[in-house]
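In what follows, a single structure is set out as structure tokens and then discussed.
The values are calculated or read from the model by the stated rules, or taken from the named source; none is laboratory data. Computed from a predicted model, the values in this text were never measured in an experiment. A quick note on method: Cβ atoms are made from the backbone with ideal geometry, for glycine too, and the neighbour counts reach across all protein chains shown.
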Amino acid sequence: MSFVEFENVSLSYSEGGQRAIEGISLQVAEGEFVAVVGPSGCGKSTLMKLISGLKPPSEGYVYVNGRQVGGPLGIVGMAFQAPNLLPWRTTLDNVMLPLEIVEPWRSERGARRKEFEEMARAQLARVGLAGFEDKFPWELSGGMQQRASICRALIHKPRLLMLDEPFGALDAFTREELWCMLRDLWQQQPFTVILVTHDLREAVFLADTVYVMSKRPGRILIRREIDLPRPRDLEVTYTDAFASHVHVLRESIGRVREN
């Protein structure tokens, strides 16, 4: 059974308005790492809203974990291009925020506060932020803020992590560092990932499967499996096999823009 499934899904943001996406059907297996690429405005972020239950489809059905999505899901974690850390909370308190909101963690936070704090500290240590727990967001670099944001998305142990351009605002060196961080987190404790990105190298380095979307209304044009062996390190980005995948995806998006 697919963990995430779209069954002929279309969405218009207003009644009778132009469709943001149209006729999308896809399946994501549990533990799979999927990337979605395409031109700006093609509906990539709309997919995220549909999966998370923030928007209902105009047509078709969206299923997560075998159930039709009908509202926000507690088994989902999300991170975006902007880290969106609360400026009045420390790094540790920002990471712990989902434990105050998502059940069953919320009901247990009083009795398990010390345990939850240890979980958050361990998560921060995994991404290289040990020693920064008591710092405020304005005391962290952009890359450090994004590390904390991903920790926050994972602290309640979601089965599905959705990432909307999480590394888009970072410099190339920091971006590659965070690719490796995300790769390691996913391999240590597997979960399903759906990554929206404009960076084709990022998509090929991280994903098992890459979907290419058309211009608005967004449709799935290409599904490409990335057969590069795992575990992958940055050296693979200099190989002919890696370049071939990137080239095929770039050509596909080029044709989308021309049509």
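Scanning the range 220-242 turns up one or more residues that are in a strand (DSSP E or B), closer than 19 Å to SER40 by Cβ and out of contact with any helix residue (DSSP H, G or I) (no Cβ under 6 Å at 6 or more places or on another chain). Per the conditions (1) at positive phi; (2) touching a residue at least 60 places away in the same chain (Cβ under 8 Å), the sole criterion not satisfied by GLY128 is (2). Every condition in (1) surrounded by fewer than 19 Cβ atoms within 10 Å (Cβ to Cβ); (2) within 16 Å of ALA79 (Cβ to Cβ); (3) not small (Gly, Ala, Ser) is met by GLU176 except one, and the failing one is (2).
Among residues belonging to the range 7-42 that are out of contact with any Pro (no Cβ under 7 Å at 6 or more places or on another chain), more than 19 Å from ALA207 (Cα to Cα) and buried (at least 23 other Cβ atoms within 10 Å of the Cβ), point out the one that is modelled with the highest pLDDT. The selected residue is ILE24. With the condition kept exactly as written, say whether any residue in the range 184-193 is among the β-branched types (Val, Ile, Thr), in contact with a strand residue (DSSP E or B) (Cβ under 7 Å, 6 or more places away or on another chain), within 30 Å of GLY16 (Cβ to Cβ) and at pLDDT 95 or above. No, the range 184-193 contains no residue that is among the β-branched types (Val, Ile, Thr), in contact with a strand residue (DSSP E or B) (Cβ under 7 Å, 6 or more places away or on another chain), within 30 Å of GLY16 (Cβ to Cβ) and at pLDDT 95 or above. For the range 46-66, enumerate the residues that are touching a Leu at 6+ places or on another chain (Cβ under 7 Å) and outside any loop (DSSP other than H, G, I, E, B). The answer is THR46, LEU50, SER52, VAL62, VAL64.
In the set (1) surrounded by fewer than 17 Cβ atoms within 10 Å (Cβ to Cβ); (2) of a type in the set (D, E, K, R); (3) within 20 Å of SER45 (Cβ to Cβ), GLU251 fails one condition alone, (3).
Residues in the range 64-79 that are touching a Ser or Thr at 6+ places or on another chain (Cβ under 7 Å) and closer than 13 Å to ILE194 by Cβ: LEU73, VAL76, MET78, ALA79.
Inspection of the range 155-165 finds a residue satisfying the criterion of being under 14 Å from PRO83 (Cβ atoms) and not acidic (Asp, Glu).
Filter the range 154-178 down to residues that are closer than 18 Å to PRO104 by Cβ and not charged (D, E, K, R) and give me whichever is nearest to the chain's Cα centre (by Cα).
In the first step, residues of the range 154-178 are kept if they are closer than 18 Å to PRO104 by Cβ; the result is 154-160.
Now narrow it down to the ones that are not charged (D, E, K, R): 154-156, 158, 160.
Values: LEU154: 11, ILE155: 15, HIS156: 15, PRO158: 12, LEU160: 8 Å.
Top of the filtered list is LEU160.
Within the range 194-218, the residues that satisfy the criterion of being modelled with pLDDT under 95, farther than 16 Å from GLN81 by Cα and surrounded by fewer than 19 Cβ atoms within 10 Å (Cβ to Cβ) are LYS215, ARG216.
Residues satisfying the criterion are present in the range 195-216 (criterion: in contact with a Phe, Trp or Tyr (Cβ under 6 Å, 6 or more places away or on another chain) and of a type in the set (Phe, Trp, Tyr)).
Mind checking which helices (runs of 4 or more DSSP H) fall wholly inside the range 67-170 and carry at least 2 residues that are surrounded by fewer than 19 Cβ atoms within 10 Å (Cβ to Cβ) and modelled with pLDDT of 95 or more? Quick ask: steps written out before the conclusion?
Numbers: elements: 91-95, 105-108, 113-126, 142-154.
Of the helices (runs of 4 or more DSSP H) lying wholly inside the range 67-170, those with at least 2 residues that are surrounded by fewer than 19 Cβ atoms within 10 Å (Cβ to Cβ) and modelled with pLDDT of 95 or more span 113-126.
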